[in-house]
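The block underneath contains the structure these notes are about, expressed in structure tokens.
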Amino acid sequence: MTAELAERLDTAALTATPIPQIASRAGLDAAAAYTVQEQLVARRLARGERLVGIKLGLTSRAKMAQVGVDEVIWGRLTDGMTVADGSTVDTSRLIHPRIEPEVAFLLDAAGNATAVAPALEVIDSRYADFRFALADVIVDNSSAAAYAIGSWRPVPDGVDNLGVLLEVDGRVVQIGSTAAILGDPRRAVSQGLRLAGRVEAGWVLLAGAATAAVPLAKGAYVRAVVEGLGAVGVRAS
Ligand code: OOG
Ligand code: MG
């Protein structure tokens with residue numbers, strides 16, 4: 001049954017066709033849902049993609065409130081999801097993409113953060129109306145679609161209260177602080193290690209958005225600025 005759920009999610013993503021909330025309807029608990037997520041991502045790996053990191057989700061109140069799920073979740077990042085800073089995200093292959101500002105950490109083999117960077121994450125729920133319960137979003141790889149990372153720098157002493165801006169076409173559309181991410185985004189690193197169970201040297205960890213996500217419209221140029229860490233931008237085509 002779990003393999004069939006993974007296949008339905010995979011097809012939904014590949015064809016950009018939304019599906020009903022199949023995991024919560026099937027009564028899956030979180031543990032079973034993570035098994036489906038692993039099977040879903042295994043299908044991407046079988047097509048030649050590589051695991052390059054993990055993402056945390058719903059680590060801020062703003063995100064929990066936006067989607068109505070109040071538990072921290074995680075997902076798997078592959079090289080097929082990466083977008084270079086300043087380049088283009090193809091939204092024609094997505095259902096109803098949203099974009100959000102993130103803080104990214106670079107990990108060593110022990111799961112310590114060796115560098116930090118501003119990041120943008122494009123999320124795209126494979127469910128109709130971007131609506132889901134906890135099990136649904138977990139099996140859907142926590143809505144992961146694409147992400148871009150700015151320049152890495154050594155982790156400064158305090159990253160727990162940095163201003164975060166999300167701009168669309170030069171206008172500020174969301175304002176927040178890294179304090180919104182579990183009180184301190186470094187907590188996302190220890191939580192990510194605990195949740196994922198393992199990491200590899202060179203993996204990226206997305207700590208979760210500090211603000212609500214905004215719809216990503218074709219043609220938009222979106223930039224995230226994190227105080228002291230710099231900026232990262234993408235254009236939607
Ligand atoms: C779930 C993914 C949440 C974050 O940064 O909180 C996430 C969603 O909002 O669809 O990526
Ligand atoms: Mg995110």
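None of the figures in this text is laboratory data; all of them are computed from the coordinates on show. As the structure is a prediction and not an experimental result, all values here were calculated from the model. Cβ: placed from backbone, ideal geometry, glycine included. Neighbour counts: every protein chain shown.
Please find, within region 188-222, the residue that is nearest to V173 (Cα to Cα) out of those that are assigned to a strand (DSSP E or B) and in contact (Cβ under 8 Å) with a residue 60 or more places away in the chain.
Applying the filter and picking the extreme gives V214.
Does region 61-79 contain at least one residue that is away from ligand 1 (no atom under 16 Å from the Cβ), small (G, A, S), touching a helix residue (DSSP H, G or I) at 6+ places or on another chain (Cβ under 7 Å) and closer than 19 Å to A148 by Cα?
no
Within region 155-171, is there a residue that is touching a residue at least 40 places away in the same chain (Cβ under 8 Å), surrounded by fewer than 22 Cβ atoms within 10 Å (Cβ to Cβ) and under 16 Å from the mean Cα position of the chain (by Cα)?
No.
Taking the condition over 11 Å from the mean Cα position of the chain (by Cα), farther than 22 Å from R8 by Cα and surrounded by fewer than 24 Cβ atoms within 10 Å (Cβ to Cβ), does A117 pass?
So A117 passes the test.
Starting from region 100-113, take each residue that is farther than 15 Å from L56 by Cα and list its partners that are more than 16 Å from ligand 1 (Cβ to nearest atom), counting only C-beta distances under 8 angstrom and pairs at least six apart or across chains.
Every condition considered, the pairs that remain are D108/T114; D108/A201; A109/V199; A109/E200; A109/A201.
Just the residues that are among the β-branched types (V, I, T), under 17 Å from the mean Cα position of the chain (by Cα) and surrounded by fewer than 18 Cβ atoms within 10 Å (Cβ to Cβ), please, taken from region 1-57.
Of everything in region 1-57, just one residue is among the β-branched types (V, I, T), under 17 Å from the mean Cα position of the chain (by Cα) and surrounded by fewer than 18 Cβ atoms within 10 Å (Cβ to Cβ), namely V52.
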